[in-house]
Amino acid sequence: MWIPEEGFLGTGAPFAADVNLVVQVAMGVTLLVGAQLARRKRYRAHGIAQTTVLLLNLVMIALVMWPSTRQQVMPAFPQVFDRWYFAAPSIHAMLGIVAEGLGLFIVLVAGTKVVPEGMRFRNWKRWMRVELGLWWVAVLSGVGTYCAWYLAAR
């Protein structure tokens, strides 16, 4: 299968980075739609939307974000905060790990019995709002990473 090397957003970014940016923003919007579904008490649709985003994000992490971080950021560790080029993806990775981890925990609590009763939360609304806010901070820090890597150098 042939995948173009050049991106389509006109920033000089590779194709995978442009696809990832568009997919991440679309997933963020989908999470907002999912929140509206919950407000309308359409919990099954809400769960499907939110879980789909969470799992798709794991795919994007594995295929795009982790390989580029491993190649471009990890060799500079631990001096990553000396330059924005390295600091932006490091901050984004930390936020993203927390958001993805909390999202996975929420899905396990909501959809399975694997989490012991004592570790389950009761205030769904609060945790869902925290997750949505954290996810959007991670999305925005990802946009910042994209800008640091592909716009600041132009």
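The values are calculated or read from the model by the stated rules, or taken from the named source; none is laboratory data. For clarity, every value in this text was computed on a predicted model and none was experimentally measured. Don't worry about glycine lacking a Cβ; one is built from the backbone with ideal geometry, like all the others, and counts go over all protein chains shown.
Would you please list the contacts, defined by Cβ atoms under 7 Å and residues six or more apart or on different chains, that run from a residue in the stretch 48-62 that is of a type in the set (Gly, Ala, Ser) to a residue that is modelled with pLDDT of 95 or more and assigned to a helix (DSSP H, G or I)?
Here the result reads Ala49/Thr30; Ala49/Val33; Ala49/Gly34; Ala49/Leu37, each pair linking the stretch 48-62 to a residue that is modelled with pLDDT of 95 or more and assigned to a helix (DSSP H, G or I).
Can you spot a residue in the stretch 75-85 that is under 21 Å from Cys147 (Cβ atoms) and modelled with pLDDT of 95 or more?
No, because not a single residue in the stretch 75-85 is under 21 Å from Cys147 (Cβ atoms) and modelled with pLDDT of 95 or more.
List the residue pairs whose Cβ atoms are under 7 Å apart, where the first residue sits in the stretch 10-35 and is at positive phi, the second is modelled with pLDDT under 95 and buried (at least 18 other Cβ atoms within 10 Å of the Cβ), and the two are 6 or more positions apart or on different chains.
Listed by first residue and then by second, the contacts come to Gly12/Tyr150.
Looking only at the stretch 109-128, how many residues end up being in a helix (DSSP H, G or I) and without any contact (Cβ under 8 Å) to a residue 40 or more places away in the chain?
Total meeting the criteria: 8.
State the number of residues belonging to the stretch 73-85 that are hydrophobic (A, V, I, L, M, F, W, C), free of Cβ contacts under 8 Å to residues at least 12 places away in the same chain and not in a helix (DSSP H, G or I).
Adding up the residues that qualify gives 1.
In the stretch 2-9, is there at least one residue being modelled with pLDDT of 95 or more, acidic (Asp, Glu) and either surrounded by 17 or more Cβ atoms within 10 Å (Cβ to Cβ) or over 14 Å from Val64 (Cα atoms) (or both)?
Among the residues of the stretch 2-9, not one is modelled with pLDDT of 95 or more, acidic (Asp, Glu) and either surrounded by 17 or more Cβ atoms within 10 Å (Cβ to Cβ) or over 14 Å from Val64 (Cα atoms) (or both), which makes the answer no.
Any residue that is touching a Ser or Thr at 6+ places or on another chain (Cβ under 9 Å), of a type outside the set (Val, Ile, Thr), surrounded by 13 or more Cβ atoms within 10 Å (Cβ to Cβ) and within 22 Å of Trp124 (Cα to Cα) - is there at least one of those in the stretch 48-55?
Among the residues of the stretch 48-55, at least one is touching a Ser or Thr at 6+ places or on another chain (Cβ under 9 Å), of a type outside the set (Val, Ile, Thr), surrounded by 13 or more Cβ atoms within 10 Å (Cβ to Cβ) and within 22 Å of Trp124 (Cα to Cα), which makes the answer yes.
Give the residue, chosen from Ala62, Ala88, Ala45, Ala26, that is in a helix (DSSP H, G or I), out of contact with any strand residue (DSSP E or B) (no Cβ under 6 Å at 6 or more places or on another chain) and buried (at least 16 other Cβ atoms within 10 Å of the Cβ).
When all the criteria are applied, what remains is Ala88.
Quick one: would you say Leu151 is within 13 Å of the chain's Cα centre (by Cα) and closer than 21 Å to Ser90 by Cα? Can you show your working first?
On the way: within 13 Å of the chain's Cα centre (by Cα): no; closer than 21 Å to Ser90 by Cα: yes.
When the stated conditions are applied, Leu151 does not pass them.
Scan the stretch 93-103 for residues that are closer than 20 Å to Arg129 by Cβ and loosely packed, with under 15 Cβ neighbours inside 10 Å and jot them down.
Ile97, Gly101
Output the number of the condition that Arg70 fails; it satisfies all remaining conditions of (1) over 27 Å from Cys147 (Cβ atoms); (2) among the basic types (Lys, Arg); (3) part of a helix (DSSP H, G or I).
With (1) over 27 Å from Cys147 (Cβ atoms); (2) among the basic types (Lys, Arg); (3) part of a helix (DSSP H, G or I) applied to Arg70, the lone miss is (1).
Looking at the stretch 89-104, is at least one residue out of contact with any Gly (no Cβ under 9 Å at 6 or more places or on another chain) and at pLDDT below 90?
There is at least one residue in the stretch 89-104 that is out of contact with any Gly (no Cβ under 9 Å at 6 or more places or on another chain) and at pLDDT below 90.
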